[in-house]
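These notes are about the structure you will find just below.
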Amino acid sequence: MEETVEKQPVHGKEKAAGRLIKRVLLFCLPFWLVAALYIIDDPYRVLRDYHTYDSKLLLNEEYVGWHIYLNNKDSIHFNSFILGNSCTMAFCCSEWEKYLNGGRAVRLFGNAESMMAIYKKLLALEREHADLKNVLMILDKTSLAKTCLLTGSGHILPPDISGQNPVSAQLEFLQTFISPDILFPYLTYKLTGKINSSSKSFNPYGRIRNQINNDAINPREKMIKEEGEQYWITRKKEFPERSGKKTVAEPVIFKAQKALLLNIAGLLRKHSTSVKIVIGPDYQQESLHPQDVMMLKSIFGEQNVFDFTGINEYTANYHYFYEKGHYRPLLGDKILKRIYSRHPEDGH
């Protein structure tokens, strides 16, 4: 005798499927709400074009600098470019322009910038038919060592520079936004209007860049003006004791680095670009390895490479520094005067 199996009615299966879909949608609802907030607010200013690039969240400087350039290139006709790491904050476009014959400058930097990013930017400027008349590169041993593009929402290049899929780039920013240490303080700000000052992902200072040439507007200059000598006295942790002994970094330029530097030099020669390379003053007074300095001079020309590392007048005075990692325009102006002097000093 055959055993009969009672079949569940079709409409019963449909109800079960409907309940499952409702549960999945309910489970995903918070994500869709956050995604909607991300799209509406565009907190990183990467979904749409803006005349002014400011946000309560710290922005990706690669995107900001590039879009400030695109916003103004047709009216200003930039022909001079400050490239390199965050220490470019010490070099004001208007000050550099004083040494250029008709130069109009813009700053295109990246935090912890890699040499590959600099090369990609030069290629992108070439595609934009930019007049590459002058280039000022602000580097250190860390930038010189890097031959690959950096990852993460704070470092990725705009897709029209890197060639990256735009969707994957946006997913990188969204993934960062939904992380708890970003999302919850941001929601608090949206609800209360108050910024969590302990969060390093927020900008509590207001405008920190010029919207025409991307010059830095550093809030620490205001602090120094208000506090005077107390600025350095109360920040001892940011200015560790220096040994005063001569130290030299390990070499960082090898085969891959040399090949990339040769590509950069070749592109600049093709455009007859006047290039100046600055190895910036290091608060710890560690010298760039002489082998690396010699390599840079052999590639870009001895008269175009300026090494300010080590123990010297540019690193001796702590008043020139915001903290151990960054120096002030006060020192940047001295460096510009030095490198464009008709009778530069010997040594560094």
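Annotation: aspartates and glutamates with alpha-carbon distance below 15 angstrom to residue 337 (same-chain offsets under eight excluded): 95, 97, 307, 313, 345, 346.
Which residues does the label zone of residue 74 cover in the range 130-145, counting backbone N under 17 Å from a point 7 Å along Cα→Cβ? Label zone hits: 130-131.
What share of the DSSP beta bridges in the chain is antiparallel, in percent to the nearest 5? Don't skip to the end; give the middle numbers.
Working: 4 of 25 bridges.
That works out to approximately 15 percent antiparallel.
Which order do the peptides 304-317, 56-69 take when ranked by the mean count of other beta-carbon atoms within 10 Å per residue, highest first? Display every interim value, and only then the final one.
On the way: 304-317: 18.5, 56-69: 21.8.
So the peptides 304-317, 56-69, ranked by packing, come out 56-69, 304-317.
Principal semi-axes of the equivalent ellipsoid, √(5λ) from the alpha carbon gyration tensor of the range 61-159, are 21, 15, 12 Å from largest down.
Within the range 103-136, name every residue whose backbone N is under 17 Å away from a label modeled 7 Å from Cα of residue 97 along the Cβ vector. Inside the label zone: 103-108, 131-136. Relative to the longest principal axis of the Cα atoms of the chain, the long axis of helix 329-339 makes an angle of roughly 50 degrees. Using a simple spin-label model with pseudo-atoms 7 Å out from Cα toward Cβ, residue 58 and residue 208 lie 0.6 nm apart.
With N denoting the number of residues in the range 231-281, provide Rg(C-alpha) divided by 2.2 N^0.38 Å, to two decimal places. It would help to have the intermediate numbers written out before the result.
Numbers: Rg = 18.3 Å, N = 51, 2.2 N^0.38 = 9.8 Å.
This ratio for the range 231-281 stands at 1.87.
For residue 221 and residue 192 in the same chain, what is the full-extension length gain: residue separation times 0.36 nm, less their Cα-Cα distance, in nm?
On the way: separation 29, 0.36 × 29 = 10.44 nm, distance 2.88 nm.
Result for the pair: 7.6 nm of gain on full extension.
Note: the chain, Cα convex hull, 231 Å³ per residue. Compactness of the range 103-167 was expressed as the Cα radius of gyration divided by 2.2 N^0.38 Å, which yields 1.14.
Look at the dipole of the chain built from charges on Cβ: of 84, 310, 213, the Cα furthest out on the positive end belongs to 213.
Shown is the FRET efficiency for residue 160 and residue 237, computed with R0 = 35 Å from the Cβ-Cβ distance and rounded to the nearest 0.05: 0.30. Peptides 293-302, 90-99, 231-240, 203-212 ranked from most to least packed, by the mean per-residue count of other Cβ atoms within 10 Å: 90-99, 293-302, 203-212, 231-240. Between residue 229 and residue 259, the simple spin-label model (points 7 angstrom out along Cα→Cβ) gives 5.5 nm.
Each 5 Å bin, from zero up to the one with the longest distance, holds this percent of the alpha carbon pairs of the range 203-287: 3, 9, 10, 13, 14, 15, 15, 12, 7, 2.
Against the chain, whose longest principal axis is taken from its Cα atoms, helix 290-300 shows a tilt of about 90°. Legend: distances between Cα atoms for 98/120; 121/146; 98/270; pairs beyond 19 Å are 98/120; 98/270. Please give the helix 10-41 orientation as an angle from the longest Cα principal axis of the chain, in degrees from 0 to 90, rounded to the nearest 10. The answer is roughly 20 degrees. For an R0 of 22 angstrom, estimate the FRET efficiency from the Cβ-Cβ distance between residue 291 and residue 338 and round to the nearest 0.05. With R0 = 22 Å, the Cβ-Cβ based efficiency is 0.40.
Between residue 246 and residue 129, residue separation times 0.36 nm minus the direct Cα-Cα distance comes to 37.6 nm.
Values quoted throughout were computed directly from the atomic coordinates according to the rules given, and no laboratory measurement underlies them. Remember, it's a predicted structure, so these values are computed and weren't measured experimentally. Cβ atoms come from the backbone with ideal geometry, glycine included; neighbour counts cover every protein chain shown.
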